[in-house]
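Q: To start, I am sharing the structure in question, which I have written as structure tokens.
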């Protein structure tokens with residue numbers, strides 16, 4: 001059973017209704033800490049962090065290493081999915097947050113890295129990306145590894161999930177044939 005440390009009574013009640021064991025002290029060694037990001041530093045204690053964020057705190061939460069990000073009032077099923085994903089070591093972006101994540105990380109990725117991330121989100125294979133961009137497959141793999149390191153994501157699957165999680169921000173589109181090789185969101 002996944003244990004969660006939560007910092008508010010309302011959140012504790014919602015986590016219990018989603019079927020989680022809720023603990024109230026760091027000493028209980030929770031699998032996940034679900035907390036307002038401003039309290040994350042003192043509450044984390046080695047657990048994976050699911051951060052409740054607002055626009056102003058989101059960039060700092062990403063940089064700090066939180067693995068999940070939600071805003072208030074998410075459905076219980078979204079909450080359940082977020083906790084299980086973070087407890088398993090994955091990354092979770094709640095509804096509406098992927099666009100903010102991409103904007104937050106924009107300054108850390110090169111234009112080419114954004115392009116490759118967009119192609120990955122579009123479901124392109126390494127070979128397809130290499131052909132499309134006129135690069136060697138090994139170069140694409142190197143770019144994917146660099147993107148993962150910059151974003152704190154492990155492996156191609158986490159990168160793809162990151163790139164495709166939020167449909168509300170739009171699916172990456174390739175430019176028409178013959179146009180520049182850009183990807184737009």
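Q: Of everything in region 85-103, what is surrounded by 17 or more Cβ atoms within 10 Å (Cβ to Cβ) and modelled with pLDDT under 80? Give them in sequence order.
A: As a first pass, look at region 85-103 and keep what is surrounded by 17 or more Cβ atoms within 10 Å (Cβ to Cβ): 85-87, 90-94, 97-98, 100-102.
Hits for region 85-103 are 97, 98, 100, 101, 102.
Q: Mind checking which pairs have a first residue in region 145-168 that is assigned to a loop (DSSP other than H, G, I, E, B) and a second that is at pLDDT 80 or above and surrounded by fewer than 16 Cβ atoms within 10 Å (Cβ to Cβ), Cβ under 9 Å, 6 or more apart or different chains?
A: From region 145-168, the pairs are 154/89; 166/95.
Q: Something else now. For region 169-185, name all the residues that are surrounded by 15 or more Cβ atoms within 10 Å (Cβ to Cβ) and either in a loop (DSSP other than H, G, I, E, B) or modelled with pLDDT of 80 or more (or both).
A: If we filter region 169-185 for residues that are surrounded by 15 or more Cβ atoms within 10 Å (Cβ to Cβ), which is where we start, we get 169, 172, 174, 183, 185.
Residues satisfying the conditions are 172, 185.
Q: Would you point out the residue of region 24-47, among those that are closer than 17 Å to residue 71 by Cα and in contact with a strand residue (DSSP E or B) (Cβ under 8 Å, 6 or more places away or on another chain), that is modelled with the lowest pLDDT? Can you show your working first?
A: Looking only at region 24-47, we keep the residues that are closer than 17 Å to residue 71 by Cα, and these are 32-40.
Those still in the list that are in contact with a strand residue (DSSP E or B) (Cβ under 8 Å, 6 or more places away or on another chain) too: 32-37, 40.
Details: 32: 89, 33: 84, 34: 82, 35: 73, 36: 71, 37: 67, 40: 47.
The extreme case among them is 40.
Q: Run down 60, 106, 55, 82 and say which single residue is assigned to a helix (DSSP H, G or I), assigned by TED's automatic domain parsing to the domain that holds residue 14 and at pLDDT below 70. Before you say what the answer is, go through the steps one by one.
A: Values: 106 fails: assigned by TED's automatic domain parsing to the domain that holds residue 14; 55 fails: assigned to a helix (DSSP H, G or I); 82 fails: at pLDDT below 70.
Matching residue, one of 60, 106, 55, 82: 60.
Q: For region 8-23, which residues satisfy the criterion of being surrounded by fewer than 17 Cβ atoms within 10 Å (Cβ to Cβ) and touching a strand residue (DSSP E or B) at 6+ places or on another chain (Cβ under 7 Å)? Lay out the reasoning, then the answer.
A: So the first thing to find is which residues in region 8-23 are surrounded by fewer than 17 Cβ atoms within 10 Å (Cβ to Cβ), and the list is 8-10, 13, 16-17, 19, 21.
Within region 8-23, 16, 21 meet the criteria.
The values are calculated or read from the model by the stated rules, or taken from the named source; none is laboratory data. In this text the structure is predicted, and so the values were computed from the model without any measurement. Neighbour counts run over all protein chains shown; Cβ positions are idealised from the backbone, glycine included.
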